[in-house]
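Novice: Here it is: the structure, laid out below.
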Amino acid sequence: MKRKFLILGAAAVLLAASGLALRRFGRFPNGDTGQSAAPVKYYCAMHPSYTSDKPGDCPICNMKLILMEEAAAAQAVGAQTTLSGKRVCLLHKCKMANCLMELPLKLGQKISCPICGTHVAEAAPAPQGAPLYYRHPMRPEVSSPAPKKDEMGMDYVPVYAEEKAELPVPGQAGTIISAERRQMIGMKSEAVTRRDLAVTVRASGRVAYDPDLYNAIAEYREAAKARDKIKDSPWPDVHERASALVRSSMLRLRQMGLSEAQIEQIATAAEPTNLLLGGAGQTVWVYAQIYEYEIGLVKPGQNVEMNSPAYPGRKFRGVVKAVDPILSAETRSLKVRIEVPNPEGMLKLEMYVNAVIRVDMGNRLAIAEEAVLETGERSVAFVDLGEGRIEPREVSVGREADGYYELLSGVREGERVVTSAQFLIDSESKLKAAMSKAGAKPKPRERKR
């Protein structure tokens with residue numbers, strides 16, 4: 001009896017296993033017995049016209065074929081996550097040229113990824129107006145005046161007037177960056193506004209010990225005295241020789257960097273022994289060297305603040321009296337003469353000091369230093385137009401002041417400029433410009449007669 005029950009139980013288990021196997025391997029795909037199995041089909045996401053009854057790769061673009069049931073489910077998910085139709089996949093990029101799933105996006109594209117449907121980014125609104133022409137989706141140099149399909153059944157891509165506009169910067173083009181991607185690359189922007197700019201000129205200097213200048217001043221003083229003594233002489237030659245001597249000594253002082261006002265003052269003032277001895281209770285001269293690009297900033301009358309390693313924390317203040325008219329051929333620098341009070345005699349001759357000249361430039365239109373990208377040929381800034389649109393602009397800038405450049409042209413007041421991730425945006429802008437150039441409508445060649 002037990003043996004009979006064992007045989008019946010084994011038969012029941014065998015029948016159940018057979019039913020599960022038939023259901024799994026497709027004899028009853030819908031759960032209803034007696035119905036024929038549906039054929040299994042695979043197709044390419046980029047070329048839906050190509051289908052196959054077995055898995056593999058697309059012979060056109062080498063993408064992995066997708067089971068039609070999985071593709072339909074993915075499209076359903078994509079439809080739920082891209083209700084606006086203004087999204088494009090960021091992760092799944094086709095390997096073929098000009099893939100529709102690859103950024104940067106074309107204006108007005110409304111596509112969703114048939115594989116995942118979730119990794120998406122916003123696209124721009126559709127362009128206005130009729131297309132200028134249509135280009136081949138795989139070969140941009142091939143164009144058509146009317147819509148058509150290529151040899152693989154793909155539609156030609158329309159090219160609009162907005163895409164054919166002249167590039168604002170040679171070799172670069174405007175691009176579109178989604179909010180997700182902006183956050184991923186750390187892109188930031190700020191508005192161009194007017195600011196109070198000031199340039200700080202830093203120079204090394206030394207307290208002057210200048211016997212040559214002292215001797216030149218003494219010669220000029222003696223020549224001036226001799227001219228005054230013979231002013232009543234009846235001989236014209238005497239007056240001419242005295243005046244020539246004064247002019248010669250004055251020219252030497254001018255070559256040594258003194259201004260005409262200083263020379264006139266020297267003729268009546270006491271001997272400048274501070275150039276030879278220094279000492280307490282007198283003023284000393286400090287010679288500071290400024291670079292060639294700073295010449296336009298430093299002028300007589302500007303205040304100077306100095307410090308010396310010999311007196312940490314002590315500040316000395318002086319006034320620029322003259323700027324030499326001749327640059328040093330060896331260092332390409334210019335000597336600035338600063339008069340500094342020395343009541344306590346702390347500044348010794350030939351002592352080194354650090355000079356700081358603060359130059360007020362006034363209220364100017366300013367652009368952040370980080371926003372200007374130097375290419376070697378021009379200065380470029382990327383303007384954030386809103387809604388993800390980035391436009392390159394060639395800008396002209398003046399002097400740098402406290403982290404900002406004086407903006408001369410290229411960007412209007414109130415416009416926002418990108419201040420971070422410029423190199424990534426620059427690469428994408430150049431890539432899009434190259435793609436636009438490759439996709440330009442070829443001009444018909446003139447036949448030589």
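All of the numbers you see were taken from the coordinates with simple rules; none came from a lab. All values derive from a computational prediction rather than experimental measurement. Positions of Cβ are generated from backbone atoms using ideal geometry, with glycine treated the same way; all protein chains shown enter the neighbour counts.
Novice: Once fully extended, how much extra length lies between residue 431 and residue 57, figured as 0.36 nm per residue of separation less the alpha-carbon to alpha-carbon distance?
Specialist: Values: separation 374, 0.36 × 374 = 134.64 nm, distance 2.85 nm.
In short, 131.8 nm is gained.
Novice: Additional query: Pairs to check: 315/335; 188/299; 225/335. Give those whose C-alpha atoms are more than 32 Å from each other in this structure.
Specialist: Listed pairs above 32 Å: 188/299.
Novice: Measure of size requested: the Rg and Dmax of region 212-267, with Cα atoms as the atom set and Å as the unit; please supply both.
Specialist: Calculated on Cα positions, Rg and Dmax stand at 11.6, 36 Å.
Novice: Quick one: which residues, 5+ away or cross-chain, put their amide H under 5 Å from the amide H of residue 284? H built at 1.01 Å from N.
Specialist: 340, 342
Novice: Whose amide H sits under 5 Å from the amide H of residue 50, counting only residues 5 or more places off or on another chain, with H placed in the peptide plane?
Specialist: Sorted by chain and number, the residues that satisfy this are 44.
Novice: Follow-up question, since we're still on this one. Label residue 282 and residue 251 with points 7 Å out from Cα along Cα→Cβ: what is the distance between them in nm?
Specialist: For the pair residue 282/residue 251, the computed spacing is 3.0 nm.
Novice: I've got another one for you. Neighbour counts of other C-beta atoms within 10 Å: give me 136, 239 arranged from fewest to most. Present the calculation step by step, with values, prior to reporting the outcome.
Specialist: Working: 136 18, 239 14.
Ascending number of Cβ neighbours within 10 Å: 239, 136.
Novice: Tell me the label-point distance for the pair residue 330, residue 344, using the 7 Å Cα-to-Cβ offset, in nm and rounded to one decimal.
Specialist: 3.5
Novice: Hey, another quick one. How much length is gained on full extension from residue 229 to residue 41, taking 0.36 nm per residue of separation minus their Cα-Cα distance? Walk me through the intermediate numbers first.
Specialist: Numbers: separation 188, 0.36 × 188 = 67.68 nm, distance 11.87 nm.
Stretched out fully, the residue 229 to residue 41 stretch lengthens by 55.8 nm.
Novice: Tell me which residues come under 5 Å, amide H to amide H, from residue 419 once H is placed; ignore anything under 5 positions away on its chain.
Specialist: It is 188, 189, 190, by chain and number.
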